[in-house]
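Okay, so here's the structure we're looking at.
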Amino acid sequence: MLLFALRRLLLAIPLLIGITFVSFIVIHLAPGEPIPGAEEDISRQLPKEVVEKIRELYGLDKPLYVQYWNWLSRVARLDFGKSFQPDGRPVLTKISERLPVTLFLNVVELIIIVALAVPIGVLSATRQYSMFDKVTTLFVFVGFATPDFWLALLLMILFGVQLGWLPISGLRSLNWEYLSFWKQQWDFLSHLVLPIAVATFGGLAGLSRYMRQSMLETVRQDYVQTARAKGLSEQAVIAKHALRNALLPVVTVLGLSLPGLIGGSVIIESIFAIPGMGQLMVQGVFARDYPLIMGNLVIVATLTLFANLFADIVYGLVDPRIRLGGRRRRR
Amino acid sequence: MRGRARLLLVMVAGATALFAGCGRDTSSLVEETASGQVTPAYGDTFVEATIGDISGLIPNLTSDGASHEVGNMIYDGLVKADKDLNYVSAMAESWQFSADCLELTWRLRRDVKWHDGRPFTADDVMFTYQVMINPKTPTAYKEDFLAVKHAEVLDPYTFRVTYAKPLAKAIQSWSMWILPKHLLERYVADGKLKESPENSRPVGTGAYRFQEWKSGEKVVLVSNNDYYEGRPYLGRIVYRVIPNQGTIFLELKAKGVDLASLTAIQYARQTEYPAFRKAYRKHRYPSSAYTYFGFNLKDPRFADRRVRQAFAHAINKQELIEGVLMGLAREATGPIRPGTWAYTDKVARYDYNPEKAKALLAQVGWKDNGDGILRDKDGKPFSFTIRTNQGNEERKKVAEIIQQRLGAIGVQTEIQVIEWASFIKEFIKKKRFEAIVLGWGVGTDPDQYGVWHSSQQGPDQLNTVGYANLEVDRLLEDGRASCHQQERVKYYHRFQEVLAEDQPLVFLYFRDALPVVSSRVYGIHPAPSGIFYNFDHWYVPKQLQRYTSG
């Protein structure tokens, strides 16, 4: 097992370099440059010599492979460089400012989604075609089909404007600094209700349907039949024997959604004015802020690779068939 | 005595309002007191929604609107634009040109202090000049400073620049934000200005001091009580970053923000209900950007100005403005911003007249042989592609309406919408276009040498349509070479006449700026330049203050 993990880890290094290389080429191929000045405003134009000077300053005048090599050798020393945008702050600082919010929101969302999707999936599977199954199916599909931004606006109008129960946007009220500790926590939480509700509603369908499908397959297996035959209560059959096995594919799906945790949702973040990773990345792309885009990509790519590896290992641990698969074949 | 009585009245009215069940809505009582004099008061927090985050806190290095707005509060220049867009003294006490317009001597105010308490002197002005011309400074505003041949500090409060040739924009160029030498000097030489601590904790001389910037969330400024023009009334300004126009609008409805810019449809249709009108005052004035329908003048089909004039007649500008912007724009007659001293509307106008358009095209040789399509003598139909950039619904709609109007006179067009960066790189810079719908932002100074002079047609230059007219060339040269406004007016009036005659572009409209401000804020006096010129005199009467300012 250890050897397996180690080998996968070593293989991940060339893969990561490959990913960064391709991304580097692609973002530099996109037209546009990180040069100050608005193309459309007569009063903000740069003479040609100045543009060249700035290119030189950023190292953009060198051939692409040299630029990539310079970037790679700096990243190898964990120096992700400084943003090309006028604030000129280190890329890592900018990312670390935004990461906690996005991570927190997404983890909470994921927990809620799992907590809701698993029971919904199990219940709809064990009571297939019942009223409960039909209603939840309808509900999760409505959630799946509803555009995020539209639902968000409706909820904002209802709870923010009409009823005035919840804040509309942002993470904290303007007078946050002057509130007592508990009021601060409450203020923060009340700002999170709507974005989390919208994101959860949209994300529920996928996982709950997956759970339902997997459960349906499992309850038809012979060993479930056996469990029933030996006289176990229905509850024990489902909870102990069927659920554990039915959860396996769900674990894989969850593992793959880990990198998404730091990506952040651009739509939700922009509509609720949440300063998260999604917005940072979009801003970086628009400004052609290459160090920022690359820094972001490296982190997401690394996490994806790790998540894959992690999911494989966990899968192997949970499911003996996979761990012992090779040996069995030899027999 | 009278003031006291009025205040009491206000309080009674307030109480009634409370009982009437609209307690949060204090603005209803403003109307009653507004007729009389309301006493300015210090304090309160002013919350402004901004759709984009600022990109840095040294505005000289930034080129986005949000950064400039915040920068304008923190930093001052030697001069500033007044309500009529004329330049008046800010940190300069006075200035004087030599008779040949080459030497410009500034006398500086002696009572200006940096936010850290250090006095502001001519050394800071000299320093800012050096920052601007330093090749390692990534700023978009170098050009006017590169025109300076020689700069010298005569004494701590006298500064003189000498230009190689007269520069009409000289005065305006010194509205540039002046930077503190004592804090930034050591970063400039290595081109590390962006990395200086002042780029995240700026120190300026302006009306507001910096307090906090939470990236992607908000910027907070507090009033500078030692401001040389007097302490500004509003105690605190919070710029809230809300990247979605719909959310901004909902925050307005919920009174979460005090100032925001509306879209045309929000302004015209969605804010005309009593509660909104009570809580906010809507303002409307021409912005400094116009939208145009342009042609590649190197294309022989567009080279004859009668063709362009015909198009100007074929397009119904009023219909465009109604259809695209709910009427919230003004017809453009040329490229100069209306309301500025150089503007004139006494130029050739093109009324909507399809018959005249057809007649003009027929003169050039485009004839309709009965199938409704204009063809040249070889039978080739008049057809071309109109291109515009993605992400701008307004321009797309403009293109569609133009397409229809041109179709009506027998000119067939297709519309292609392209992502901005590719649009500029592949089509504009390489001049691979036939017709475009685009816009220009224009400054307060009428000098537009870069856009219209025949020498400016290179791939990285601004005369993208390839306009060349000897008279215009001369007018532009003369116009930028004089420092006397009375003289320049003549050049620019003539310039507008020629352009209107030539129609190198069909000038469509100047869109209106549509800000709304909370009605509890007093002291706003709309003027040609807009409403923001006297921001430090805006105030909220004591009884209407909503926030305690920290």
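The values are calculated or read from the model by the stated rules, or taken from the named source; none is laboratory data. All of these numbers come straight from a predicted model, not from anything done at the bench. Neighbour counts are summed over all protein chains in view; Cβ atoms, including those assigned to glycine, are modelled from backbone coordinates with ideal geometry.
When the residues of segment A:33-86 are filtered to those that are at pLDDT below 70 and of a type in the set (A, V, I, L, M), which remaining residue is nearest to the chain's Cα centre (by Cα)? Among residues in segment A:33-86 that are at pLDDT below 70 and of a type in the set (A, V, I, L, M), the one nearest to the chain's Cα centre (by Cα) is A:Ala38.
Taking A:Val224, is it in a helix (DSSP H, G or I) and closer than 30 Å to A:Ala301 by Cβ? No.
Restricting attention to segment B:40-92, and to residues there that are in contact (Cβ under 8 Å) with a residue 24 or more places away in the chain and of a type in the set (Asp, Glu), which single residue is farthest from B:Lys253 (Cα to Cα)? Steps first, please.
Here is the first cut: in segment B:40-92, the ones in contact (Cβ under 8 Å) with a residue 24 or more places away in the chain are B:40-54, B:56-61, B:63, B:66, B:69-87, B:90-92.
Those left that are additionally of a type in the set (Asp, Glu): B:44, B:48, B:53, B:69, B:76, B:82, B:84.
On the way: B:Asp44: 20, B:Glu48: 14, B:Asp53: 22, B:Glu69: 24, B:Asp76: 34, B:Asp82: 32, B:Asp84: 32 Å.
That would be B:Asp76.
Filtering B:Ser529, B:Ser455 for residues that are away from chain A (no Cβ under 14 Å) and of a type in the set (S, T, N, Q) leaves a single hit, B:Ser529. Go through A:Leu154, A:Leu189, A:Leu163 for me and flag whichever is within 14 Å of chain B (Cβ to nearest Cβ), under 26 Å from the mean Cα position of the chain (by Cα) and surrounded by fewer than 13 Cβ atoms within 10 Å (Cβ to Cβ). Only one candidate passes the filter, namely A:Leu154. In segment B:226-269, of all residues being small (Gly, Ala, Ser), in a loop (DSSP other than H, G, I, E, B) and on the phi < 0 side of the Ramachandran plot, the one that is surrounded by the fewest Cβ atoms within 10 Å (Cβ to Cβ) corresponds to B:Ala254.
Looking at A:Ile262, is it closer than 18 Å to A:Leu110 by Cβ, over 12 Å from the mean Cα position of the chain (by Cα) and part of a helix (DSSP H, G or I)? So A:Ile262 does not fit the description; no. Of all residues in segment B:272-289 being within 13 Å of chain A (Cβ to nearest Cβ) and more than 18 Å from B:Glu331 (Cβ to Cβ), which is surrounded by the fewest Cβ atoms within 10 Å (Cβ to Cβ)? Looking at residues that are within 13 Å of chain A (Cβ to nearest Cβ) and more than 18 Å from B:Glu331 (Cβ to Cβ), I get B:Tyr273.
Every condition in (1) within 24 Å of the chain's Cα centre (by Cα); (2) outside any helix (DSSP H, G or I) holds for A:Glu109 except the one numbered (2).
When each of B:Val188, B:Val203 is tested for being closer than 15 Å to B:Trp114 by Cα and more than 9 Å from chain A (Cβ to nearest Cβ), the lone residue that passes is B:Val203. Return yes or no: is B:Thr205 part of a loop (DSSP other than H, G, I, E, B) and of a type in the set (Val, Ile, Thr)? Against the criterion (part of a loop (DSSP other than H, G, I, E, B) and of a type in the set (Val, Ile, Thr)), B:Thr205 qualifies. A count restricted to segment B:212-246 and to residues that are touching a strand residue (DSSP E or B) at 6+ places or on another chain (Cβ under 6 Å) and free of Cβ contacts under 8 Å to residues at least 12 places away in the same chain stands at 1.
Among the residues of segment B:134-145, those identified as within 17 Å of B:Ser175 (Cβ to Cβ) and either more than 7 Å from chain A (Cβ to nearest Cβ) or not hydrophobic (A, V, I, L, M, F, W, C) (or both) are B:Thr139, B:Tyr141, B:Lys142, B:Glu143, B:Asp144, B:Phe145. Taking the condition among the aromatic types (Phe, Trp, Tyr), out of contact with any helix residue (DSSP H, G or I) (no Cβ under 6 Å at 6 or more places or on another chain), assigned to a helix (DSSP H, G or I) and within 13 Å of chain B (Cβ to nearest Cβ), does A:Phe149 pass? It is false that A:Phe149 is among the aromatic types (Phe, Trp, Tyr), out of contact with any helix residue (DSSP H, G or I) (no Cβ under 6 Å at 6 or more places or on another chain), assigned to a helix (DSSP H, G or I) and within 13 Å of chain B (Cβ to nearest Cβ). Looking at segment B:520-550 only, could you name the residues that are more than 24 Å from the chain's Cα centre (by Cα) and small (Gly, Ala, Ser)? Result: B:Ser549, B:Gly550.
Checked against (1) free of Cβ contacts under 8 Å to residues at least 12 places away in the same chain; (2) farther than 20 Å from B:Tyr141 by Cβ, B:Lys192 meets all criteria but (2). Filtering B:Val489, B:Val506 for residues that are within 27 Å of B:Glu322 (Cα to Cα) and not basic (Lys, Arg) leaves a single hit, B:Val506.
Restricting attention to segment B:331-341, the residues that are over 24 Å from B:Val307 (Cβ atoms) and surrounded by fewer than 20 Cβ atoms within 10 Å (Cβ to Cβ) total 3.
What do you reckon, is A:Leu174 facing chain B (nearest Cβ under 10 Å) and either farther than 23 Å from B:Ala49 by Cα or in contact with a strand residue (DSSP E or B) (Cβ under 7 Å, 6 or more places away or on another chain) (or both)?
The answer is yes for A:Leu174.
Considering only segment A:265-272, I want to know if a residue exists there that is buried (at least 19 other Cβ atoms within 10 Å of the Cβ) and assigned to a loop (DSSP other than H, G, I, E, B). Within segment A:265-272, one or more residues are buried (at least 19 other Cβ atoms within 10 Å of the Cβ) and assigned to a loop (DSSP other than H, G, I, E, B). Within segment B:458-469, the set of residues being more than 12 Å from chain A (Cβ to nearest Cβ) and among the hydroxyl-bearing types (Ser, Thr, Tyr) comprises just one member, B:Tyr467. How many residues, within segment A:153-171, are polar (S, T, N, Q) and in contact with an Asp or Glu (Cβ under 9 Å, 6 or more places away or on another chain)? Total satisfying the criteria: 1. When you look at A:Glu234, is it within 14 Å of another protein chain (Cβ to nearest Cβ) and charged (D, E, K, R), yes or no? Answer is no for this residue.
Checked against the criterion of being in contact with an Asp or Glu (Cβ under 8 Å, 6 or more places away or on another chain) and facing chain A (nearest Cβ under 8 Å), the candidates B:Gly441, B:Gly450 yield just one match: B:Gly441. Can we say B:Gly530 is touching a His at 6+ places or on another chain (Cβ under 9 Å), of a type outside the set (A, V, I, L, M, F, W, C) and within 30 Å of B:Val70 (Cβ to Cβ)? For B:Gly530, the condition - touching a His at 6+ places or on another chain (Cβ under 9 Å), of a type outside the set (A, V, I, L, M, F, W, C) and within 30 Å of B:Val70 (Cβ to Cβ) - is met. Can you tell me which of A:Ala205, A:Ala229, A:Ala239 is free of Cβ contacts under 8 Å to residues at least 12 places away in the same chain, out of contact with any Ser or Thr (no Cβ under 8 Å at 6 or more places or on another chain), aliphatic (A, V, I, L, M) and closer than 30 Å to A:Asn308 by Cβ? Being free of Cβ contacts under 8 Å to residues at least 12 places away in the same chain, out of contact with any Ser or Thr (no Cβ under 8 Å at 6 or more places or on another chain), aliphatic (A, V, I, L, M) and closer than 30 Å to A:Asn308 by Cβ holds for just one of A:Ala205, A:Ala229, A:Ala239, which is A:Ala239.
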